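Okay, structure first, notes after.
Every number in this text was worked out from the coordinates using simple rules, so none of it is lab data. Since this is a predicted model, take the numbers as computed values, not measurements. Glycine gets a Cβ as well: all are built from the backbone with ideal geometry, and neighbour counts include every protein chain shown.
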Amino acid sequence: MKYMVYKSIIQVVGTLWMGGHGSCEYDLRSYDVENIKALGDITRDTVEAWLDTNAGDFQHVTDFRASIEDDNVSYDIPWSNEESEYLYYGEEE
């Protein structure tokens, strides 16, 4: 027997409240996905609006990438800046 597990995540880089830069991965629950959908279609803009009120670790979110599963549809939103992926993984260019 096989089971498929779908996971929705948002990877974030930004400025922390304590100063400095940081990164974090948010594992979304179905409740979170529903709240994003309440803002409109799942797009970069609606995910960014959700992060504005739910990314409490960050003073300012600089960039993010998201992979969101909803009703057997995958929404993949890439980093807006290629350098953000390096920052997320703590790699220097």
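So the check is Cβ under 7 Å with 6+ separation or different chains; which pairs have a first residue in segment 65-88 that's over 12 Å from Val47 (Cβ atoms) and a second one that's among the small types (Gly, Ala, Ser) and surrounded by 13 or more Cβ atoms within 10 Å (Cβ to Cβ)?
Glu69/Ser8; Ser74/Ser67; Leu87/Ser23; Tyr88/Ser23
Search segment 22-41 for residues being out of contact with any strand residue (DSSP E or B) (no Cβ under 6 Å at 6 or more places or on another chain) and of a type outside the set (D, E, K, R), and hand back the single one that is surrounded by the most Cβ atoms within 10 Å (Cβ to Cβ).
Ile36
Residues in segment 30-54 that are over 11 Å from the mean Cα position of the chain (by Cα) and among the aromatic types (Phe, Trp, Tyr): how many?
Of the residues in segment 30-54, 1 are over 11 Å from the mean Cα position of the chain (by Cα) and among the aromatic types (Phe, Trp, Tyr).
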